[in-house]
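What follows is a single structure, written as structure tokens, with notes after it.
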Amino acid sequence: MRFLLCIFILVGSLGLAALSTPPPEASAPAVEAEEFQIDPVHTSVLFKSRHNNASYFYGRFSDVSGSFTFDEKNPGASKVEVEVKAESVDTRTPKLDQHLRSPDFFDAKQFPVIRFESTKVKAGKKGFYEVTGDLSLHGVTKSITVEMEHVGTAEARGNKVIGFHTVFTVDRTEFGMNYGVSSLGSDVEMIVSIEAAKK
């Protein structure tokens, strides 16, 4: 009888010990890459060029679309695609806009879309990413690398939104746009500010 009592006490003690031992912690789920759709209303594509070698002139494109995948933990899994309609060039001067759409410049009828598609993304200095990709403009495609700033992330209307900003320079003659180089120069500075909402 005493032997059975000892067995009972031992089994009970083992049961209490098992109950008091915390279960192993579950590993944190991996954060997957998130997909975003560009918000054309809050996205800006501007350009800056010389005029008559005397001043800087600014214009914009009003029709911008695209999407991207962003993986903050693994930037190499990120990618971006942006499309700009050449016809949407806007300088607030209709006559000038018509000239920019003509074969002298963007030739919007023959080359209606300006497109950028990333081929490589890597982390740069804190809050910045180096994005390499193919820029297609005026019928020519060239690889460029730009530095993109992650401006911020927020909640808007119940959805996650994110923003990026970059400034880079393009030599337009490399894309076959040679009109007026002597007075307008060949370098065009691009300012791209993107806001996008999670799909």
Check: C-alpha center the stretch 117-183 vs C-alpha center the stretch 48-115, spacing in Å is 11
At each listed q (0.11, 0.15, 0.16, 0.26 Å⁻¹), what is the log10 of I(q)/I(0) that the Debye formula gives for the stretch 97-173 modelled as equal alpha-carbon point scatterers? -0.43, -0.70, -0.76, -1.15
State to the nearest 20 debye the size of the charge dipole of the stretch 117-199 about its Cα centre, where the only charges are +1 on K and R beta carbons and -1 on D and E beta carbons. 460
How many Å³ per residue does the convex hull of the Cα positions in the stretch 70-199 occupy? 131
How far, in nm, would the chain grow between ASP63 and LYS95 when pulled straight, counting 0.36 nm per residue and subtracting the alpha carbon separation? 9.6 nm
Test of understanding: extend the Cα→C-beta vector of LYS198 to 7 Å, then name every residue of the stretch 59-76 with backbone N under 16 Å from that spot. 68-74
On a full-extension model of 0.36 nm per residue, what is the gain between THR132 and ALA77, subtracting their alpha-carbon distance, rounded to one decimal in nm? 18.5 nm
Total Lys pairs in the stretch 32-198 closer than 19 Å by alpha-carbon, pairs eight or more apart in sequence or interchain only? 21
Percent relative contact order for the stretch 32-198, counting Cα pairs under 8 Å at least six residues apart, stands at 24
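Each value in this text was obtained by applying a stated rule to the coordinates, not by laboratory testing. The model shown is predicted, which means the values in this text are computed figures rather than measured ones. Cβ: placed from backbone, ideal geometry, glycine included. Neighbour counts: every protein chain shown.
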